[in-house]
Structure formats: structure tokens, C-alpha cells
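Beneath this line is the structure, given in C-alpha cells, with notes to follow.
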Amino acid sequence: MVLIRKNALTSVIGRQRADWSDLRVFYAVVEMGSITQAATALGLTQPTVTRRIDELEGRLGAKLINRTAEGLSLTEAGELVYDRVLTMERSAGAIERLVFNKDREDEGRVGILAPDGVASFILAPNLPDFLRTNPKISVSLDCGFWPDSPLSSEIDISLQFDPVSNPDVAATPIATFHYGLNAAQSYIDLYGKPTSLAQSAEHRYVHHPAQRRQKEKWGSKWVAFQGLANVSFESNCSAATLAAIRNGAGIGALPTAIHEVAPELVMLDLPQQLKTTLWMCVHRDAVRTARIKRVTEWMGTIFDQRAKPWFRSEFVPPSEFADWGGAIADEAVA
């Protein structure tokens with residue numbers, strides 16, 4: 001047993017110039033790249049964050065952050081401090097996981113961060129079965145909306161289309177999404193069916209801005225098409241984008257997986273435009289935690305590439321989905 005020595009560190013703490021809470025504010029500003037965004041994430045006001053940074057710099061006797069019209073940048077002293085603060089942040093996270101893992105591993109809340117389309121059309125519809133078989137586990141599903149009102153729980157599992165370089169995070173490729181242009185039959189009946197990207201550019205186009213941010217994942221012809229497309233509707237919400245296309249507002253790029261949700265959609269007979277990987281990311285210290293392991297195993301069944309060909313690395317057209325399901329059923333019977 002370790003005895004706590006009262007007042008043993010009083011003189012040391014009294015001499016410290018860098019308050020830990022201020023270092024956390026400094027860390028948030030650097031990570032967010034913005035005082036305003038850091039204030040939102042910390043639940044503070046912008047003037048409070050500015051004052052805390054000023055006080056930290058005053059106590060340390062060094063300027064840490066340069067603030068210019070172009071944005072924020074770290075000074076040489078700021079880079080040294082950030083390097084140490086990053087280590088502190090990782091240590092704090094490790095302490096939380098260490099203690100949390102010792103306390104009722106098989107129950108509690110699991111926080112998931114996922115794109116809204118994945119969350120709405122894949123995760124949420126499959127939640128009832130998971131919650132029914134794991135009644136002591138609750139799920140928090142953050143889609144990145146409403147930054148002023150983030151979900152209170154920590155993120156344990158992140159589903160994302162960008163790979164992770166952090167060595168503390170175990171990143172597993174869990175599915176491949178294949179995109180192509182789609183339209184409702186009602187739209188095709190009214191405006192005709194384009195047979196090339198050039199013809200598609202003349203049609204009404206339903207656009208999701210995330211497609212512009214991923215230019216490196218799209219072919220050169222698609223990038224050119226994006227510049228020429230006649231955007232009639234744009235939304236950063238996948239559900240709104242699908243609803244618009246589904247109801248005949250125009251043509252738009254959707255993953256083949258969406259045909260399980262909206263099988264009536266018509267995928268245009270054009271070359272495949274995008275193939276991108278969905279990664280499941282979990283901190284290595286949390287992988288073996290019982291409740292998190294149950295969620296990751298559940299996700300494995302949701303994205304089972306053997307039963308769901310639209311998640312495979314090779315392209316399977318929606319027209320073959322039904323045949324694939326029948327083959328799997330016949331194999332199970334055999």
C-alpha cells in the first residue's frame with residue numbers, strides 16, 4: 001500500500017509556472033488551429049482562452065503562439081512546450097484507460113465517431129440487435145454535427161476514410177466503398193439517362209462537398225466532371241443528399257452500399273469513379289476492453305464482406321447483389 005504524503009510537494013507545486021489546466025488550453029488551441037474552435041471544444045469563451053494563453057506565456061516568460069492574419073503558428077518555445085504537452089496528454093489518456101478498464105469492463109458507454117452516412121444507414125439500423133444482446137452497454141454515436149453541442153462521451157472507436165499514422169492507434173481496414181453516379185427512375189424518365197460523364201455534366205447534379213475534399217481519391221476525369229457539373233442541390237448531410245437523389249432532384253455520386261437502403265435507385269452504366277477504404281480505429285490500450293471488443297466484433301458482422309459484397313475490395317455492381325445473397329444462402333444450406 002502506498003501512503004499519501006501530505007504537503008510533501010507543496011513547495012514544488014508552488015514554484016510551478018505552468019498550470020496544468022492552462023497547458024490543456026494551449027494543447028487544444030494547437031490541435032484545433034483556432035482559438036475559437038478550441039473555446040468551443042473546451043466549453044469556454046474565446047476571451048477566456050485568449051486570457052489563459054496570455055497568462056501562461058507571462059508565467060513562462062516566453063511567447064508560445066504567433067497570431068497573424070494568416071492564422072496561428074508556434075514559436076520555437078511553443079514547439080518545445082507542445083512536444084512535452086503532447087506527451088502529458090497521451091499519459092493522461094493512458095491513465096484514464098487504465099483505470100476505466102479496471103472498472104466494470106463489460107458494461108458502460110462506448111463512444112463511436114463515424115461519418116453521418118455510415119452512422120445513419122449502416123450502424124443505426126443494426127443497433128437494436130446489439131443493444132438487445134448487450135443490455136449493459138450503451139452507445140454514443142457522434143457524426144461530427146453541431147460542434148457547439150458535442151456529445152459528452154469520449155470517443156472509443158472511430159470509423160473514418162482517412163488512414164491513421166498514430167502508433168498508439170490500431171487501425172483496421174473494415175470495408176471498401178465503391179462510388180458511382182446514381183439517379184431515381186423518375187428523374188431518368190423525365191430527363192433521360194446520361195451515357196457518359198460529359199452528358200452527366202449537363203444534368204442536374206446533387207453534390208456532397210466532402211467529394212471535393214477527397215480529390216486525390218478520384219480519377220482525373222471525375223475531377224474534371226466535378227468542375228463542370230451543374231450543381232442544383234448541395235448538402236453536407238448524407239441523408240439529405242440521398243433523399244434528394246431518391247426523389248428525383250438530380251443525379252449524384254453514391255456508394256453501391258446505399259442500394260441496400262434504396263434498391264430502386266439506378267446506377268448509371270459508367271466507369272467506377274471512386275474506391276475508398278473505411279478504417280476502424282481504436283486505441284491499442286482499449287482494444288481488449290470487453291465492452292469495446294464487443295462493439296468491434298459487432299461491427300465486424302455489419303461489414304462482413306463475405307455476406308455483403310458491396311463492402312469488398314473488388315467492385316460488385318448492385319445488379320449482382322441479389323445473386324450474391326442467393327449464393328451465400330445456398331452455401332449455408334449445403
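Here, each number is a calculation from the coordinates, and none is a lab measurement. Predicted, not measured: the structure shown is a model, and the values here were computed from it. A quick note on method: Cβ atoms are made from the backbone with ideal geometry, for glycine too, and the neighbour counts reach across all protein chains shown.
A full extension of the chain between V266 and Q160 corresponds to an added length of 35.5 nm, given 0.36 nm per residue minus the alpha carbon distance. FRET efficiency for the T45 to D83 pair, using the beta carbon distance and R₀ = 45 Å, is estimated at 0.95.
What the Cβ-Cβ distance of A240 and L72 gives, at R0 = 30 Å and to the nearest 0.05, is a FRET efficiency of 0.35.
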